[in-house]
Amino acid sequence: MKTVLVTGGCGFIGANFINHFVPQMPDTHFVNIDKLTYAGNPLSVAQQQNEPNYSFEQVDICDSDAVNRVFQKYAPDTVVHFAAESHVDRSIHGPADFVFTNVVGTLHLLEAARALWKNDFSDKKFHHVSTDEVYGSLGDEGKFMESTPYDPSSPYSASKAGSDHLVRAYHRTYGMPVTVTNCSNNYGPYQFPEKLIPLMILNVLERKPLPVYGKGENVRDWLYVTDHCDAIMTVVANGKTGETYNVGGNCERSNIHVVHTICEIVSELAKLNTEESKSLITYVTDRPGHDFRYAIDATKIQSELGWQPKETFETGMRKTVEWYLGHPEWITDVRSGKYREWIDQNYAARGEK
Ligand code: NAD
Ligand code: DAU
């Protein structure tokens, strides 16, 4: 049986990855390590809790002793590293946690893997999940290639750039079999409602202002989250050691277009007036250093590994809105921090708090 250590498996993408692959791969043991910050909700993976091929440990990747302990306990042959501070706006207000978790935390994982694997890297893999934001901002033309030079704008993207460089350095210096994916904006179930799409869905429902930064003309390249999860597993299984793969949905939309689409779908499904929903749009002060446009050229992963996204923006957005409408208890829990009571009840007795 293979053992995959997943970091940050209670966050948005990590939880979708766990929920997607634990049932599909019964011969693989998935060990989820997560600090359970405000963004990590164990309820998002509660359905896996009693599965024989799933384990959870509450671990802060900034704590090198704790990281080493879980590596020694489970002896993973594969690491899929999601854990990060992920929200650009938070990084502008408080960059330090981003450097600690994203850079120093990544270092501790690399060191723990090197200590466990003792330079015998056969059948081992360290996969690092990263972002297109490391490439900086595009103008009206062009796309990010794997060869595009790094030019990060925010403390978040600078910290992710630092972690990417460290991971690649472990390949060049120690021969560690690493792969890196740099993906565009994800959306789907379990995304914390500070990010554009879930924030707007909930604000439309609650008839609150829809805060659009600047003129709403900034462009993002949207990908449904399980398509990203499939891309990661494809690279883990078949990606070439030391290589980077860009992942994106070929789905560029301006922010204002996204917000209009959300107003239309939410209003239709929740039986609200669409024009009244759109009248909630409020233009607010722009994000400092706001990257204008992201667009991914995903030719490499498509042509070399055969990955293709399954969802279109229209099908993915509808699924996403339906999911938020159908899970009011998850929303209440993440907003109020109520899930922390669940952690106390479920993990305290096991000493994992
Ligand atoms: P998220 O903020 O929803 O989840 C992050 C998870 O990491 C949470 O469960 C949190 O508890 C955990 N975590 C944070 N600090 C930790 C620490 N010190 N130790 C252990 N666990 C810790 O993030 P996400 O959107 O799911 O992103 C996951 C990864 O994917 C990140 O590395 C991010 O940079 C990358 N990424 C995200 C997107 C996107 O659109 N969301 C796109 C491309 C890449
Ligand atoms: O590109 C990948 C990145 O996508 C990931 O690496 C990050 O972890 C993830 O958070 C996301 O970053 P963005 O900054 O692009 O996502 P966010 O949802 O914060 O914002 C999307 C766009 O919407 C961006 O142009 C800013 C704008 N925005 C955002 C918020 C929260 C608004 O106009 N209003 C808002 O209230």
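Tabulated data for the structure shown
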read-out	value
Gained length - residue 215 relative to residue 172, 0.36 nm times residue gap less alpha-carbon distance	11.1 nm
Rh (Kirkwood; distinct C-alpha pairs) - the chain, Å	20.7
Neighbourhood charge, 11 Å Cβ-Cβ cut-off, centred on residue 1 and excluding it, Lys, Arg +1 and Asp, Glu -1	-1
Inverse mean reciprocal Cα-Cα distance (Kirkwood Rh) of region 102-201, Å	15.3
Calculated FRET efficiency for the pair residue 206/residue 75, C-beta based, R₀ 56 Å, to 0.05	0.75
Approximate spin-label separation residue 64-residue 322, in nm, with each point projected 7 Å along Cα-to-Cβ	4.9
Beta bridge orientation in the chain: antiparallel %, DSSP, nearest 5	10
Under 11 Å from the residue 283 label point (7 Å along Cα→beta-carbon), backbone N, region 215-242	215-217
Principal-axis tilt of helix 12-24 within the chain, Cα atoms, nearest 10 degrees	60
FRET efficiency for residue 271 and residue 119, using Cβ-Cβ distance with R0 set to 41 Å, rounded to 0.05	0.10
Helix 196-205 vs. the chain, principal-axis angle (Cα, 0 to 90°, nearest 10)	40
Convex hull volume of region 225-273 per residue (C-alpha atoms, cubic angstrom)	87
Cα-based reach from residue 278 at 27 Å (exclusive), listing lysines while leaving out same-chain residues under 8 positions away	195, 208, 215, 319
Karplus 3J(HN,Hα) series, Hz, for region 233-238 with 6.51 cos²θ - 1.76 cosθ + 1.60 (x for Gly, Pro)	5, 4, 6, 4, 6, 10
Under the Karplus curve 6.51 cos²θ - 1.76 cosθ + 1.60, θ = phi - 60°, whole-Hz ³J(HN,Hα) for region 54-70, x wherever Gly or Pro sits	9, 9, 10, 9, 7, 9, 8, 5, 7, 9, 5, 5, 5, 5, 4, 4, 5
Cα gyration tensor category, rounded, prolate or oblate, for region 145-292 with a/c compared to 1.5	prolate
Gaussian network model of the chain, springs between alpha carbon atoms under 10 Å - residue of 72, 308, 24 with greatest fluctuation	24
Acute angle (nearest 10 degrees) that the helix 313-326 long axis makes with the longest principal axis of the chain, alpha-carbon atoms	90
Within the chain, helix-based [θ] at 222 nm, where runs of 4 or more DSSP H residues each add -39,500 (n - 2.57), nearest 500	-12500 deg cm²/dmol
Local electrostatic count at residue 267 - Lys and Arg +1, Asp and Glu -1, tallied over other residues with Cβ under 10 Å	-2
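Here, each number is a calculation from the coordinates, and none is a lab measurement. Nothing here was measured: the structure is a model prediction, and the numbers come from that model. In this analysis, Cβ positions are derived from the backbone assuming ideal geometry, glycine residues included, and neighbour counts consider all displayed protein chains.
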